[in-house]
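The values are calculated or read from the model by the stated rules, or taken from the named source; none is laboratory data. Since we're looking at a predicted model, the values are computed, not measured. Don't worry about glycine lacking a Cβ; one is built from the backbone with ideal geometry, like all the others, and counts go over all protein chains shown. Ligands, DNA and RNA are stripped out before the accessible areas are found, and what is left, the full protein with its side chains, is counted by its heavy atoms. Shrake-Rupley method; radii C 1.70, N 1.55, O 1.52, S 1.80 Å.
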Amino acid sequence: MAGSSEEAPDYGRGVVIMDDWPGYDLNLFTYPQHYYGDLEYVLIPHGIIVDRIERLAKDIMKDIGYSDIMVLCVLKGGYKFCADLVEHLKNISRNSDRFVSMKVDFIRLKSYRNDQSMGEMQIIGGDDLSTLAGKNVLIVEDVVGTGRTMKALLSNIEKYKPNMIKVASLLVKRTSRSDGFRPDSHMRHQ
């Protein structure tokens with residue numbers, strides 16, 4: 001509201017769900033019967049998610065400049081979001097005057113402690129990461145929590161000298177342990 005003394009939420013490039021948001025009444029939606037009795041409300045309707053992913057795809061194409069993209073999907077959680085996002089990216093490419101080539105690869109991240117009790121991260125799967133040299137890389141993740149894992153992944157990928165790295169996340173979890181990392185494109189704060 002104009003003139004309000006309350007601080008407005010920082011929407012950035014995401015939809016913000018405030019802590020006191022009561023959600024939508026379940027009677028407004030259909031949902032699988034095996035969830036009956038387990039759900040209390042709907043935080044984000046499916047249509048909003050679909051619309052936001054479509055907008056994320058437009059933002060990504062604008063950021064990358066309608067150039068070829070190497071998509072790195074972080075499994076397991078990022079699979080469905082990545083598939084939907086890539087489909088929207090392909091639709092934009094098909095409807096533009098410039099064909100954008102997209103290659104999708106899948107990685108898993110494993111965190112562990114080494115002998116010096118330092119947190120380490122191992123990238124499992126995926127092609128030889130040296131093929132990322134000079135490429136426009138889009139990392140697709142389902143949830144960014146503290147941001148530490150994503151920062152470690154970015155640091156690892158930067159060694160291969162890609163042209164550009166962008167991060168798209170479906171959700172950003174609001175946590176006091178966050179190191180401040182924010183993806184370039186995301187759906188909402190949780």
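Taking segment 15-93, which GluC sites (Glu not before Pro) meet the DSSP loop condition and have no more than 14 other C-beta atoms within 10 Å?
The qualifying sites are Glu40.
Solvent-accessible area per residue for segment 7-160 at a 1.4 Å probe radius, Å²?
Accessible area per residue, segment 7-160: 63 Å².
For a quick check: with amide H placed at 1.01 Å from N, whose amide H comes under 5 Å from Val15's, ignoring anything fewer than 5 positions away on the same chain?
Arg188, His189
Ignoring any ligand, DNA or RNA, what whole percent of the accessible area of segment 43-187 comes from carbon and sulfur when the probe is 1.4 angstrom?
The computed percentage sits at 48.
For the ranges 154-167, 63-76, 136-149, 14-27, what's the packing order if you count other beta-carbon atoms within 10 Å of each residue, average per peptide, and put the highest first?
With the highest mean Cβ count within 10 Å placed first, the list reads 136-149, 63-76, 154-167, 14-27.
So in segment 43-187, what percent of DSSP beta bridges are antiparallel if you round to the nearest 5? List each step's numbers first, then the result.
On the way: 6 of 27 bridges.
Here the share of antiparallel DSSP bridges comes out near 20 percent.
Checking the table Lys62/Lys159; Lys58/Lys110; Lys58/Lys166; Lys80/Lys161 against a 19 Å threshold on Cα-Cα, which pairs fail? Walk me through the intermediate numbers first.
Details: Lys62/Lys159 25 Å; Lys58/Lys110 31 Å; Lys58/Lys166 13 Å; Lys80/Lys161 28 Å.
From the list (Lys62/Lys159; Lys58/Lys110; Lys58/Lys166; Lys80/Lys161), the Cα-Cα distance tops 19 Å for Lys62/Lys159; Lys58/Lys110; Lys80/Lys161.
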